[in-house]
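Worksheet: the structure to be examined is printed underneath.
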Amino acid sequence: MRYAVMRSRLRRSRARIGRRLTLGLGAAAVVAAIAGLWIAIAPPAIPAFLVIATAFNLVIGGTEARWRLYGWRDPAAGAEIAWPAPVQAGAEKLSFDLIVPLRDEANVIAETLRGLLRQTHPRLHIVVSLCDDDESTITAVRTVVSENLLTNRITIVTDHYANPTKAQQLNRALEVCMGDVVGVIDAEDDVAEDLLIYAEGLLTHSGADVVQGGVQLMNLGTGLGKWFQVHNVLEYFFWFTSRMAFHASTGFVPLGGNTVFVRRELLERAGGWPLSITEDCALGVRLSAEFGAKVATAYSAKLTTREEAPPSIFNKEVGSLFWQRDRWVRGFIEQFIAGGWLKMPTFRQRLLAGYILITPILQAVSFFLLPTSILLGLFVNTPVGLALLMFTPYIPIGLTLVTQLIGLHDFCEKYGVRASKWHYASLVFLAPLYQVVLTGASAVAIYKYASGDNTWYKTGRAAVHRGAAAQAAQTTLSPQTTLSPQAALSAQTTLSPQAASEGVAA
């Protein structure tokens, strides 16, 4: 019996090697044939460049259009991203630890914690991870703790960090987590009250190791100075309604920074969050490639975590889209260069994973090549057929633009938001300018990565996605708030793992 098993494994190993050798030889033959044909024909430099640029732009534009339409064009995709029925009251079996890492978040965190405490799932433990020198945020958190002394569902963890990062704070909080599932919530998140009972339902129904819920920016922007926000909103809309489901179908998912739930046992085996400037993406790569984790995604407007678009394009102090995107792109480059995605089991998965990670750079290159090739075609003598061919990449670009307009209408219907004609006009006329911003951020990211620059800038919070009453409540919270001795003692306590476990079970 053992001999037969060994022979079967040997045959499978030989088959895999044979397939890989065949693929390698086939790819080499194709490259050699193209090179030979190129040498034989010896095409002029400019027409050759135009053909290559057109083909490249078609691939990039077509891929983007295909991914963003995944949730619309594939009938099965709707079922893939739908939340299953929630776990019934009294039948909850999983316990949840929600980690909330904070740095300079005094103006938004109180409302966020109050919202989390309204979760309908009974087995919830909130771990707030703080920097010991962030006094105003610590005070804000203690105020909420003092309001909820009887429930005892919040643990404060403080530590000193020479150069604090989200990954460090998440890993510090993980030390006191004892629940079955660990989730991450950001400081300004408005979280649906039923999210955890649906998350348990999805984890149970799918048998997944990781659940990625939907996240949606809410502020479309008012005034000319906020023209970019509607574009940012739709990026999130299509990412979580379509692209994330496509990534999950391939088995490779760069996770989002919040509304992600991971089974604690798997998270601990993976060593927690990688120490990266984009720890969410890095964790997704590691779990997918090294542990073969099954990731389930789900989206509905009712259960989406609501956030705000960055307040400005370049202002680092209040929060910048440009510098946020610079950090994201550097994180993707870092993961691409590290090569963890090469551990995906099949060639197709490796190809898709590598492409997904390098997509921001490829899109920036494509945006540069589009006008360059058109200008060359207009001012250099080229065959008519080739000149017409250069405009074909604008077909998927036009399709993407149409989906943007439809997506804005769909977003407004789902979330009860009203878009003005200026929002639609911004999508049509200012899309190239938005791409200029993203391309510039990608260029800066490449330079910073190449030069070893690991500095990054935190995105500011203005709570504009919340109602006026909530924003007013935030502003009334003063850093000088004082607590009673009993409340202060309770708020300062960092629970031991045993105490944390008891809090989860409560």
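The values are calculated or read from the model by the stated rules, or taken from the named source; none is laboratory data. Keep in mind it's a predicted model, so treat the numbers as computed, not measured. Glycine gets a Cβ as well: all are built from the backbone with ideal geometry, and neighbour counts include every protein chain shown. Keep in mind that these areas ignore ligands, DNA and RNA; they rest on the heavy atoms of the full protein, side chains included. Shrake-Rupley method; radii C 1.70, N 1.55, O 1.52, S 1.80 Å.
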May I ask for the distance between the Cα centers of segment 334-398 and segment 89-157, given as a whole number of Å? 44 Å
With Rh as the Kirkwood radius over Cα pairs, segment 130-181 has Rg/Rh of 1.00
Estimated inter-spin distance, Leu388 and Thr250, nm [label 7 Å along Cα→Cβ]: 3.4 nm
For Val127, residues with placed amide H under 5 Å, excluding near neighbours: Leu98, Ile99, Val100, Thr155
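Taking the Cβ-Cβ separation of Tyr447 and Arg118 as r and a Förster radius of 56 Å, what is the calculated FRET efficiency to the nearest 0.05?
Calculated value: 0.80.
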Alpha carbon centre of segment 184-253 versus segment 430-462: separation in Å? 22 Å
Report the Rg/Rh value for segment 327-447, based on alpha-carbon coordinates and the Kirkwood definition of Rh. 1.06
Distance between modelled label sites at Leu405 and Arg269, nm, 7 Å Cα→Cβ extension: 5.0 nm
Candidate lysines for bridging to Lys448, where Cα separation is under 30 Å - those fewer than 8 sequence places away on the same chain excluded: Lys166, Lys226, Lys316, Lys343, Lys458
Tell me, what HN-Hα J-couplings in whole Hz come from the Karplus equation 6.51 cos²θ - 1.76 cosθ + 1.60 at θ = phi - 60° for each residue of segment 120-134, using x for Gly and Pro? 7, 6, x, 9, 10, 10, 9, 10, 9, 9, 10, 8, 5, 9, 8
Might you tell me the accessible area per residue for segment 319-455, computed with a 1.4 Å probe and given in Å²? 52 Å²
Lys93 versus Thr346: modelled label distance in nm, points set 7 Å from Cα along the beta carbon direction: 3.0 nm
With the full set of protein chains in place, find how many percent of the accessible area of segment 61-149 is carbon and sulfur; take the probe as 1.4 Å. 50 percent
Work out from phi, with θ = phi - 60° and the Karplus expression 6.51 cos²θ - 1.76 cosθ + 1.60, the ³J(HN,Hα) of each residue of segment 249-263, listed in order in whole Hz, and give x for Gly and Pro. 5, 8, x, 10, 10, x, 5, x, x, 8, 6, 10, 10, 10, 4
Highest mean first, what order results for 255-263, 401-409 on Cβ atoms within 10 Å? 255-263, 401-409
Collect residues whose amide H, placed 1.01 Å from N in the peptide plane, falls under 5 Å from the amide H of Ser95; neighbours closer than 5 in sequence don't count. Asp180, Val181
If you take the beta carbon distance between Ile46 and Arg418 as r and set R0 to 45 Å, what does 1/(1 + (r/R0)^6) give as a FRET efficiency, to the nearest 0.05? 0.35
